1. Residue 229: outside any loop (DSSP other than H, G, I, E, B) and either closer than 19 Å to residue 258 by Cβ or of a type in the set (D, E, K, R) (or both), yes or no?
2. Tell me, please, whether a residue that is out of contact with any Lys or Arg (no Cβ under 8 Å at 6 or more places or on another chain) and farther than 30 Å from residue 292 by Cα can be found in the stretch 190-209.
3. Restricted to the stretch 319-334, and to residues that are hydrophobic (A, V, I, L, M, F, W, C) and within 18 Å of residue 365 (Cβ to Cβ), which residue is farthest from the chain's Cα centre (by Cα)?
4. Considering the stretch 155-172 alone, what residues qualify as being among the hydroxyl-bearing types (Ser, Thr, Tyr) and surrounded by fewer than 19 Cβ atoms within 10 Å (Cβ to Cβ)?
5. Does any residue of the stretch 259-271 turn out to be in the same structural domain as residue 184 (by TED's automatic domain parsing), part of a helix (DSSP H, G or I) and surrounded by fewer than 18 Cβ atoms within 10 Å (Cβ to Cβ)?
6. Can you tell me which residue within the stretch 31-82, out of those that are among the acidic types (Asp, Glu) and at pLDDT 80 or above, is surrounded by the fewest Cβ atoms within 10 Å (Cβ to Cβ)?
7. So which residues in the stretch 147-176 are of a type outside the set (Gly, Ala, Ser) and touching a Phe, Trp or Tyr at 6+ places or on another chain (Cβ under 8 Å)?
8. Mind listing whichever residues of the stretch 297-329 are out of contact with any Pro (no Cβ under 8 Å at 6 or more places or on another chain) and outside any helix (DSSP H, G or I)?
Amino acid sequence: MTAVTTTPPATGSDDLEPGPSPAREPVGSVAHRILGAIPTGVLWALVVLWTIPTLGMLVSSFRPEIEVKTTGWWTVFPDPFPESKLLAGIVALIILAVVVVLVALLARLYVRLGRVGRIALPIVAVVALVVLVMVASDSTFTFENYRQTFDASTSDSPDMWQHFLNSLAITIPATVIPIAFAAFAAYAFAWMDFKGRDWLFIGVVALLAVPIQLSLVPLLQLFVGGAHLTLFGETFTLFPDLDLAGTTTAVWLTHIGFGLPLAIFLLHNYISSLPADLFEAARIDGADHPTIFWRLVLPLSVPALAAFAIFQFLWVWNDYLVASTFLGTGSADAPMTVRLATLSGGRGQDWHLLTAAAFVSIALPLAVFFGLQRYFVRGLLAGSVKG
């Protein structure tokens, strides 16, 4: 019995098929890998650096007017080493490192706290920072800027408390009403079958592309005199004159109209991602659409509702364009943003009041954000993953 050996045929270099070329790594993956290699401490240092201007405004809000106008806010801190700038720089870096560590520890504590703690911790931290600055500095601190900000004794007084209430009167309806209407609409688009549903939803989403700047003048004319159409000598009223010129109602109605498309789109993505088995089980138990919506959909949609509430509240609270268009800059019903724009005076002589008024204006938005922060990321990811 003889063994038969076979020799593989010789192949030249021309007979070899070229292998697949190595795929290039996407640019996004490369950027993600590079950013992931950045130490967390560096990111916290950047957070602290971005916070320094806010700290400067906070310190200036407690300084006398003459000091605010003549010296920088950093002059409140005494120079411990006037003879050695190098040593002073080293001390400053050490202080920065300590602040970064404290911020990181506060962030870890913030995650573990409940809802009330998440609101109280930033307030306590700010108050402690103000007290520390007052104790460590050589300057004289006063509440005069805040007293003048809330002063309402004359017609030219800032009266920031009234404008704060005006902002609430605009922001609360413009936040609550879109959520209420959008929740019903999102459920209908997601789980109710009716004729023209897809086209109607496409139309709602297309409204996101309508710029608010182009609609301000038509809306102003609509609120002032209504809409009329004349055909063959006859005038037909398409929209009545509601006499809304110069009222806060016109402002929050505009915000509602432009906030509804985003609310419907965001809530639809979340509600449509809920498991279909839940709805089938509810229907087997005899639940109708209102029962399913109130007992099942709303409790499960809290993250998406809270996320949109943060977006809408901050957008309306910080709005200047819509309020100044429908109310004017000199109206007593104007919100805080409009009043802040005119608070510095005709020649900028009262700009020291802006430091105090700015912190009055950001107090409530910060409380809303920190109170609903745990829903923020969950709401942003609403509907991004199926199943």
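1. For residue 229, the condition - outside any loop (DSSP other than H, G, I, E, B) and either closer than 19 Å to residue 258 by Cβ or of a type in the set (D, E, K, R) (or both) - is not met.
2. For the stretch 190-209, residues out of contact with any Lys or Arg (no Cβ under 8 Å at 6 or more places or on another chain) and farther than 30 Å from residue 292 by Cα: present.
3. Filtering first and then ranking leaves 334.
4. Within the stretch 155-172, 155, 157 qualify.
5. yes
6. Once the filter is applied, the top-ranked residue is 65.
7. Matches in the stretch 147-176: 150, 158, 159, 160, 161, 170, 171, 173, 175.
8. Within the stretch 297-329, 301, 320, 328, 329 qualify.
The values are calculated or read from the model by the stated rules, or taken from the named source; none is laboratory data. If you're wondering where the values come from, they're calculated on a predicted model, not measured in any experiment. Cβ atoms come from the backbone with ideal geometry, glycine included; neighbour counts cover every protein chain shown.
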